[in-house]
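Have a look at the structure below before the remarks.
The values are calculated or read from the model by the stated rules, or taken from the named source; none is laboratory data. Fair warning: this is a prediction, and the values are worked out from it, not measured in the lab. Don't worry about glycine lacking a Cβ; one is built from the backbone with ideal geometry, like all the others, and counts go over all protein chains shown.
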Amino acid sequence: MNYYENIVILDDTLAEADLRAAIEKIKGVMQDNGGQILKVDEWGIRKLAYELNKHKRGFYVLYNFKAPSDSIKKVEEFYKIYDPVMKHMVIKLEKKQTKALEASIQATAAAAAAPAPESVSPAPAAPAGTSAAEASPAEAAPEEKA
C-alpha cells in the first residue's frame, strides 16, 4: 500500500452538521476502498486563491491515508459526483515524506498517551485584615540596596 495526502475543499455554506457528515462520508469512502486513515486535519474556512463556483471561501480538510493504488481512482470518481466537494487533490507521498508523517503520528500518539502534568495549587489566601505582602514576606518585592 502507498501513502497519500489528500486536500479537499468543501462548500463553506454547509451547516455544521452537514460539514461533519461530509467529512465522515469521505473517510468512509476511503476505508471502503481498502484505505486506512492515518490523520485528518481540519483547517477550517479559508479564503480561496480564486473564485470557484461563485464561492470565495471554502472549508479545507487534509487527509493522510494509506491505500492501494487502484482505490485512488474510485475516490476521485466519488469526488466528481459528491456535491459538497468543490476541489480536491491527491498526492502520493515519497519515502522521505512517509517517514516524516509516521514520526509526526507517533509523536502525537505519545503526547496523547503521556499523563497530564499535575496542576500547581494556588498559594494560601492571606488572613483577613492583612495584605498579601504582610502575609507572605517571601513574595514581597525585594528592597533595593544603597
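Miscellaneous remarks
- Filtered residue count, the stretch 58-90, keeping only those that are more than 27 Å from Thr13 (Cβ to Cβ) and modelled with pLDDT of 95 or more: 0
- When residues of the stretch 91-115 are limited to those that are part of a loop (DSSP other than H, G, I, E, B) and at pLDDT 85 or above, the one surrounded by the fewest Cβ atoms within 10 Å (Cβ to Cβ): Glu94
- Matching residues, the stretch 21-49, being among the small types (Gly, Ala, Ser), at negative phi and part of a strand (DSSP E or B): Ala49
- Index of the failed condition, Lys56 passing every other in (1) part of a helix (DSSP H, G or I); (2) in contact with a strand residue (DSSP E or B) (Cβ under 9 Å, 6 or more places away or on another chain): (1)
- Close pairs from the stretch 5-17: first touching a residue at least 12 places away in the same chain (Cβ under 8 Å) and in a strand (DSSP E or B), partner among the aliphatic types (A, V, I, L, M) and exposed (fewer than 12 other Cβ atoms within 10 Å of the Cβ), Cβ under 6 Å, at least 6 apart: Glu5/Ile91; Ile7/Met89
- The number of residues in the stretch 2-17 being loosely packed, with under 13 Cβ neighbours inside 10 Å and either modelled with pLDDT of 95 or more or hydrophobic (A, V, I, L, M, F, W, C) (or both) comes to 2.
- Scanning the stretch 55-63 for any residue that is within 14 Å of His88 (Cα to Cα) and in contact with a Phe, Trp or Tyr (Cβ under 6 Å, 6 or more places away or on another chain) turns up at least one such residue.
- Among residues of the stretch 23-70, those that are of a type in the set (Ser, Thr, Tyr) and crowded, with 17+ Cβ neighbours inside 10 Å, counted: 2
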